[in-house]
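Here's the structure, in structure tokens; my notes come after.
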2 protein chains.
Amino acid sequence: MKSKTAGRVGIEDVAERAGVAISSVSRVLSGHKAVSESMRKRVEKAAEELGYQPDHLAQSLRRGSTRTIGFMIRDIMNPFFSIIAQSCEIELQKSHYSMILVNSGGSETNERNNLNLLKSRRVDGIICSLVSENTVDVKSNLKNFNAPVLLLDRELPDLKTSSLLCDHASGVHDAVSHLISEGHTRIAFISGPRNIYVTRNRLEGYERAFKEAKLEIPTDLVKLKDFSEKFAKEETLKLFQLPDPPTAILTGGIGPSGGALYALKDLNKSVYTDIKFIALDEWPFFDILSPNLMSVHRDPEIMGKYAAKLIKELIDGGAPKTIVIPTVFRNHESLTDQGFGK
Amino acid sequence: MKSKTAGRVGIEDVAERAGVAISSVSRVLSGHKAVSESMRKRVEKAAEELGYQPDHLAQSLRRGSTRTIGFMIRDIMNPFFSIIAQSCEIELQKSHYSMILVNSGGSETNERNNLNLLKSRRVDGIICSLVSENTVDVKSNLKNFNAPVLLLDRELPDLKTSSLLCDHASGVHDAVSHLISEGHTRIAFISGPRNIYVTRNRLEGYERAFKEAKLEIPTDLVKLKDFSEKFAKEETLKLFQLPDPPTAILTGGIGPSGGALYALKDLNKSVYTDIKFIALDEWPFFDILSPNLMSVHRDPEIMGKYAAKLIKELIDGGAPKTIVIPTVFRNHESLTDQGFGK
DNA sequence: CGTACCATTGGAAACGTTTCCACACAACGG
DNA sequence: CCGTTGTGTGGAAACGTTTCCAATGGTACG
């Protein structure tokens, strides 16, 4: 009843109850060394009895650190991304960081605004999956950001950022090689824009497989623009108008995979009998409900954990570094051997 | 160069540049009425030139409001929940709220800790999907929470909270009635714990369908404990040990659905030919890659939007209310008619 | 026994805003 | 011409912490 603010119990209330100074309470509670045992006990008792919870805002303001990480993502509904974010969140929580997740929806204007928002919220670090590696605006915003930055599947060598990349090339290479070994040559490849690491890297794997087999690269089947479902659907439909349509399709990312699948449905083509389909990235229950589909797999949960680790290292003053996560080609055909999902 | 803190530009820098008092800058930037046109222009110009971004921390501390919503969820990896959270976050962003997402992982200890975390972070409101409606500890924590609370698929009438519920009963009823009309009577039902709204409500629909058909309820096929994949898998395996095993299964939630599907795979039973499978809640690409499966559908995106709306209303001083979202039974068999996914 | 040092503690400034209050000045009515 | 009202502005307190600094008292050492 003595407390000034009716609702909240503040450090002052604890100090009063323990009969000590405010500064002493702070020292005890923040684990400072120079406190006597009796002081420690009295303060801890008082804090416990009052159910004192330090005000994170005030702490942050004073300490100059919010223990909050900003996570900016292109498509927050995409299960692949959201698993990364969530696994990262779980990992960060262990170190008492919180996460603010913002969605750019693939728009560079939103990216800029979101960066300002995060700056305003004074996050201690930011993790982001950028739309492009070439948006001048966003890059300068990142450069002036007064907190360390971790990029997902992007490279900006001129900025002092860490990067978490995936070795898409080898997974895609193995997938395409497998298709070629089965006799496919008309292998379509639909993915995002050419000017970002992930697409460049996937394309590299795709082309390498053809070169190794001494085959011409079917450039008329390579469709690179964005990660939207819409684009992938339209392109898939067009591909089957060709005189020499594809016999296999690779789609990069969950959005495009969905787009292509919907197109195939419209075309009345079965992914189980009519065409080989390889998804780059999986979605929940992929392995169990999508017999005959193949994929290039990377583990978003692991990626989230690495992301947490990398950003913490940067915050703690570590030097920027790049980590590359492996991808593996998964042939799920074995599932049908078990008679499941005929 | 005059600024005290090298890195940041503060309101003081703006004031200095504009040649006015700090308080005036604040008034202009927060859209206060009593400012002259000349003052407004000078301040806005100075702020623009310096690229001033107000410090959200200091604002929050002073204003007593963080414009942040806490979102506590049981299983952050579950695509159904994560879509709700994300849709909600997109909606909140429009009103300049941010979201802090925390994961209880289904543990009541974590729930308590997370609530303390959110309290400490002084969120303006909290949205949560609780493990149980009966955890004394958590309930008292919620009651003492100095911000409004919105519950997802839970009811706590003695607390002054809003609730966002779903009308599971009618969807489940329709699904079970459909199965009965096809001649099924051995219909298993696997879902979460009995003592929460969602399970009670689903069970109600399940039982009503049997009663309407004047059939005995097969209580030996009803397995209610938790939403884990593990439980559902084990129970599914056990169900097929019965002398009179089920011919159809309903599983409540994405976790349990996955568990049951993995069990069926182990049992070498095809969900396409051997058993009718109805999922309560769908997952990404359900409609396109899971031919012959049926579901009781509710729209997580809509739920997220309602959640945002409800919590904002509470924050703005509105009275607690309950909204009920419909669910619909979806029979996907039509997909096979198109020859897709044989 | 005095001095220097160390361990502990309390007081107060600081973090970057918002907002209350007081003041200056103009306009206005009596 | 003076009191009243109103408008715009600046100064300073406040939000709830942390941390710097000074002060206290005790102990060890010369």
> Which distance in Å, rounded to a whole number, links the C-alpha centroids of the range B:79-130 and the range A:249-279?
Replying inline: 35
> To one decimal place, what Kirkwood hydrodynamic radius in Å is obtained for the protein assembly as shown from all pairs of distinct Cα atoms?
Replying inline: 27.7
> If the label for B:Thr322 sits 7 angstrom from Cα along the Cα-to-Cβ line, what are its distances to the same label in every other copy, in nm to one decimal, shortest first?
Replying inline: 5.7
> In Å, the Kirkwood hydrodynamic radius of the range A:263-309 over pairs of distinct alpha carbons?
Replying inline: 12.4
>> 7 Å along Cα→Cβ for the label point: how many nanometres lie between A:Asp167 and each equivalent label in the other copies, listed shortest first?
In response: 5.5
>> With the alpha-carbon atoms as the only input, what is the per residue convex hull volume for the range A:11-54 in Å³?
In response: 56
>> Just to confirm a number: summing +1 for Lys and Arg and -1 for Asp and Glu over residues other than A:Ser129 whose beta-carbon lies under 12 angstrom from that of A:Ser129, what do you get?
In response: -2
>> For the full complex of protein chains and a 1.4 angstrom probe, list A:Thr199, B:Thr109 by accessible area with the highest value first.
In response: B:Thr109, A:Thr199
> Is it possible to state the helix-based mean residue ellipticity at 222 nm for chain A, with each DSSP H run of 4+ residues giving -39500 (n - 2.57), the sum divided by total residues, to the nearest 500 deg cm²/dmol? What is it?
Replying inline: -13500 deg cm²/dmol
> Between B:Asn134 and residues 5 or more places away or on another chain, which pairs have amide H atoms under 5 Å apart, with H built 1.01 Å from N, and which residues are they?
Replying inline: none
>> Given bins 5 angstrom wide, list per bin the percent of all Cα-Cα distances in the range B:193-255, short to long.
In response: 3, 15, 27, 25, 20, 9, 1
> Rounded to the nearest 10 Å², what accessible area does A:Leu280 show when all protein chains are kept and the probe is 1.4 Å?
Replying inline: 0
>> What does the charge count around A:Thr236 come to, taking other residues whose C-beta lies under 12 Å from its C-beta (Lys +1, Arg +1, Asp -1, Glu -1)?
In response: +2
> In a GNM of chain A with a 10 Å cut-off on Cα contacts, which of A:Val28, A:Val222, A:Val102 has the highest mean-square fluctuation?
Replying inline: A:Val28
>> Given N residues in chain B, what is its alpha carbon radius of gyration divided by 2.2 N^0.38 Å?
In response: 1.28
> Given label points at 7 Å from Cα along Cα→Cβ, what nm distances, shortest first, separate A:Thr109 from the same residue in every other copy?
Replying inline: 4.9
> Viscosity 1.567 mPa s, temperature 4 °C: Stokes-Einstein D of the range A:196-342 from its Kirkwood Cα radius, in µm² per second?
Replying inline: 75
>> Please report the net charge: other residues with Cβ closer than 10 Å to the Cβ of A:Pro246, K and R +1, D and E -1.
In response: 0
>> Run the numbers for A:Lys139 and A:Thr219: contour at 0.36 nm per residue of separation, minus the present Cα-Cα distance, in nm.
In response: 25.6 nm
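The values are calculated or read from the model by the stated rules, or taken from the named source; none is laboratory data. Note that the coordinates shown come from a computational prediction; the quantities given were computed from them, not determined experimentally. Using ideal geometry, Cβ is built from the backbone for each residue, glycine included, and neighbour counts are taken over all protein chains shown. These area figures cover heavy atoms from the full protein model, side chains too; ligands, DNA and RNA do not enter into them. Shrake-Rupley method; radii C 1.70, N 1.55, O 1.52, S 1.80 Å.
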